[in-house]
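Below: one structure, written as C-alpha cells.
The values are calculated or read from the model by the stated rules, or taken from the named source; none is laboratory data. Since we're looking at a predicted model, the values are computed, not measured. Note that we place each Cβ from the backbone using ideal geometry, even for glycine, and neighbour counts take in every protein chain shown. We work out accessible area using only protein heavy atoms, side chains counted, and drop any ligands, DNA or RNA first. Shrake-Rupley method; radii C 1.70, N 1.55, O 1.52, S 1.80 Å.
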Amino acid sequence: MSSPLQSKKHINNPAETTMEMRQIRYFQCVAQELSFTKAALRLHIAQPPLSRQIRQLEEELGVQLFERLGRSIRLTDAGKFFFDKTMQLSARLNDVVTATRRIAESGKKWFGIGFVPSIMYGFGPTLFRKMRALGLQAEIGLSEMTTVEQLKALRAGQIDIGFGRITLDDPHIAGLTLLQEPLVLAVPAQHPLAARHQVLLGDIVALSYVLYPAKPRPSYADHVIGLFEQRGHRLSVVFEANEMQTAIGLVAAGLGVTLVPSAVTRMQRDDVVFIPLNEPDFTSPIVMSWLKDSGSPFLEDVVALARQTAKEAAVTTRK
C-alpha cells in the first residue's frame, strides 16, 4: 500500500509549487546534520516548527525526503537528489547575489548577451573578449540559449543582445546577419564518405540525419531541413538532439550524420570527420538581434564592434 506522500506525487503540478527558500534552507541543514535536534540548534529555532516545515516540504513535493529510523534519520534516494540539486541552486543564487551587489556598488549597467553554442567555435570568443575590454562601463553577462529563447529573453529585458542562427520575426526586434557560415557534413570516422575531401548534394540527400536542437522550434534544425526542401529533397531524420555536442556524439556512435557550421571543424575528435560541401548556398547565418529604439550608447558600441569583428573573421576565413 502506498503512503499518502507517494500517492500524492501524481497530483502535484510542478508549475504550482509554492515551497519557500526558508524550507529549502531548513531541509539542507537537516540533511547535513542528519538530526532534527542538531539542525534546530544550528538554525536557532525550536524542533517542532522545524519538523513541521520539513513535513510541509515533503507534502509539497509529494515525496519522502527522509527515512525515520527510530531516533535517527537518513536521506532517501529522492532526498539525496533534492539535496544535491538544491545545494547547486543555492551556490548559484549566492553568486547572483554577490554579482548584484557588485553591480550596485560599482554603478555599472548590466549588459546581458544570449548566444548559441556553435558561435563559440568561430568569432564568438574574440568578440566577447573585445566586448569585455570595451565594457568598462558595463557588467557583461553571457547566457547560452537557443535563438527562440533569445527572443523571449529580449522581450523580457533579460538580455540586451542575442547571437543566433535564425532571423527573429518580431516588429520590435532589430536583426543583422553578421556572417554566412558554410556548412560541413559530420560523419563517423568509418563512414564510406569519410575519405572524401568534398561532397555534393547528391552524395548526402539519402543519408540518415541527426538534427539539433530538438526544441524549441523554429531553430537551426528547421533551417537545415529548409535548405534541402528548397531543392526538392526530404531529409530522413533518425534522431533529434537538444545539443550540438550530443548530435555529434550520436554521429560518432554511427547513428547518423549531421550538418554543422564550418567553425565546428576546430573541434578535435578522432571518431568524427568533417567534410566540406560543394554547395555554396548551404550556409548558416550568424544573426545578431536586439530591441529597437533601446537608446543605449553601449549597445550601439557593441553592434559596431560585432560588425567589425565579423568582417575580420570573414576575411580570415577566405585566406
Of all residues in the stretch 28-37, how many are out of contact with any Phe, Trp or Tyr (no Cβ under 8 Å at 6 or more places or on another chain), closer than 19 Å to Thr86 by Cβ and either of a type in the set (Val, Ile, Thr) or open to solvent by 30 Å² or more (accessible area, probe 1.4 Å) (or both)? 3
Output the residues belonging to the stretch 51-83 that are in contact (Cβ under 8 Å) with a residue 40 or more places away in the chain, in a strand (DSSP E or B) and open to solvent by less than 80 Å² (accessible area, probe 1.4 Å). Ile73, Leu75
Within the stretch 212-220, can one find any residue that is out of contact with any Cys (no Cβ under 8 Å at 6 or more places or on another chain), at positive phi and surrounded by fewer than 17 Cβ atoms within 10 Å (Cβ to Cβ)? no
Within the stretch 253-288, residues more than 15 Å from Val184 (Cα to Cα), of a type in the set (A, V, I, L, M, F, W, C) and open to solvent by less than 60 Å² (accessible area, probe 1.4 Å) come out as Ile286, Val287, Met288
Taking the stretch 38-50 on its own, how many of its residues are open to solvent by 40 Å² or more (accessible area, probe 1.4 Å) and assigned to a helix (DSSP H, G or I)? 6
Kindly provide the set of residues from the stretch 143-168 that are assigned to a strand (DSSP E or B) and either more than 17 Å from the chain's Cα centre (by Cα) or surrounded by 16 or more Cβ atoms within 10 Å (Cβ to Cβ) (or both), ordered by number. Ile161, Gly162, Phe163, Gly164
Report, by residue number, each residue of the stretch 191-206 that is without any contact (Cβ under 8 Å) to a residue 12 or more places away in the chain and aliphatic (A, V, I, L, M). Ala195
Mind listing just one residue for me: the one in the stretch 87-104 that is farther than 18 Å from Ser143 by Cα and modelled with pLDDT under 85 and, of those, most open to solvent (accessible area, probe 1.4 Å)? Arg101
Would you confirm whether or not the stretch 225-245 contains a residue that is surrounded by 14 or more Cβ atoms within 10 Å (Cβ to Cβ) and among the hydroxyl-bearing types (Ser, Thr, Tyr)? no
Across (1) within 21 Å of Ile119 (Cα to Cα); (2) without any contact (Cβ under 8 Å) to a residue 24 or more places away in the chain, Trp290 clears everything bar (2)
Selection from the stretch 127-142 of residues that are under 21 Å from Ala263 (Cα atoms), open to solvent by less than 50 Å² (accessible area, probe 1.4 Å) and touching a helix residue (DSSP H, G or I) at 6+ places or on another chain (Cβ under 8 Å): Leu127, Met131
Conditions first: (1) under 16 Å from the mean Cα position of the chain (by Cα); (2) under 12 Å from Val260 (Cβ atoms). Val187 passes all but one, so which condition is the exception? (1)
Report the residue count in the stretch 253-302 for those that are more than 23 Å from Lys130 (Cα to Cα) and small (Gly, Ala, Ser). 4
Do you know which residues across the stretch 188-210 are open to solvent by less than 10 Å² (accessible area, probe 1.4 Å) and either acidic (Asp, Glu) or out of contact with any Gly (no Cβ under 9 Å at 6 or more places or on another chain) (or both)? Val199, Ile204
